[in-house]
Structure formats: C-alpha cells, structure tokens
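This report refers to the structure that appears directly beneath it.
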C-alpha cells in the first residue's frame, strides 16, 4: 500500500472530523474493525485506522494505547463530548460518518487498506 494519510479518506468515507485534526497527517498502515475494546487492544496494530460504532471516551484511551492512526465512528452514532475532548488532547483523529461500519470497511479495503491476520 502506498503511503496514505488519514486525511486521504475524509471524502471517500463521507467523514466529519469531530476532533484531533492535528493528526490528519498520521500515516495509515492498516485497518481494524471491532466494537470490543479488549479485542482492539489485543489485535489492532500501530498505524491502523479503527472502525467502530462505540462513541464513549474509552475508545480514545484504546486508540492511544494501541498507537492507532485514527478512529472512525460509523453508523451516524453521536460522539460524546468527553470523547471529542480526549481525542483532541491525545491528537487522535476522531472521524464520524453516517455510513454503516460494513460500508466503511469495504471502502477502506477498496482503497488498499488491509487488516492484519490473527495468529
């Protein structure tokens, strides 16, 4: 995959930047989709863009811990104000889209983003 930045996906994912705009130049090295925080902590990799429908502040703690490039909250789910505040503090791009998580993952895959195999 060529070097792509978080900002390269804003249009194709029909995203709004809820917070963390300073990190829009983070390099995206792969992708991960899950709503189970422990799963993300165990399996997501540094530089992944994470797709979830969770919108509480703990997603930012997980993204920071895992070194993720960005978090995409799918399905039109509203982000909690505390989530946006934490994302801004940590410099983690918090993106929101009305698209379903399945559609977001499909678009990322079509753009060349690949997930990591477990094991």
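The values are calculated or read from the model by the stated rules, or taken from the named source; none is laboratory data. All of these numbers come straight from a predicted model, not from anything done at the bench. Cβ placement follows ideal geometry from the backbone for every residue including glycine, while neighbour counts extend to all protein chains displayed.
Of note:
- One residue stands out among those in the stretch 17-36 that are within 19 Å of residue 89 (Cβ to Cβ) and touching a strand residue (DSSP E or B) at 6+ places or on another chain (Cβ under 9 Å): the one that is surrounded by the fewest Cβ atoms within 10 Å (Cβ to Cβ), which is 25.
- Those helices (runs of 4 or more DSSP H) lying entirely in the stretch 36-119 with at least 3 residues modelled with pLDDT of 95 or more and over 21 Å from residue 21 (Cβ atoms): 37-43, 101-110
- In the stretch 38-71, the residues that are surrounded by fewer than 18 Cβ atoms within 10 Å (Cβ to Cβ) and either touching a helix residue (DSSP H, G or I) at 6+ places or on another chain (Cβ under 8 Å) or within 15 Å of residue 101 (Cβ to Cβ) (or both): 39, 41, 45, 46, 53, 56, 57, 58, 61, 64, 65
- Just so you know, in the stretch 12-53 the residues that are free of Cβ contacts under 8 Å to residues at least 24 places away in the same chain and closer than 12 Å to residue 69 by Cβ include one that is farthest from the chain's Cα centre (by Cα), and it is 25.
- Tabulated pairs, the stretch 90-119, first at positive phi and touching a residue at least 40 places away in the same chain (Cβ under 8 Å), second surrounded by 19 or more Cβ atoms within 10 Å (Cβ to Cβ) and assigned to a loop (DSSP other than H, G, I, E, B), C-beta under 8 angstrom, 6+ apart or interchain: 91/20
- Among the numbered conditions (1) touching a strand residue (DSSP E or B) at 6+ places or on another chain (Cβ under 9 Å); (2) over 21 Å from residue 27 (Cβ atoms), the only one that residue 93 does not meet is (2).
- Checked against the criterion of being without any contact (Cβ under 8 Å) to a residue 12 or more places away in the chain and part of a loop (DSSP other than H, G, I, E, B), the stretch 3-11 has at least one qualifying residue.
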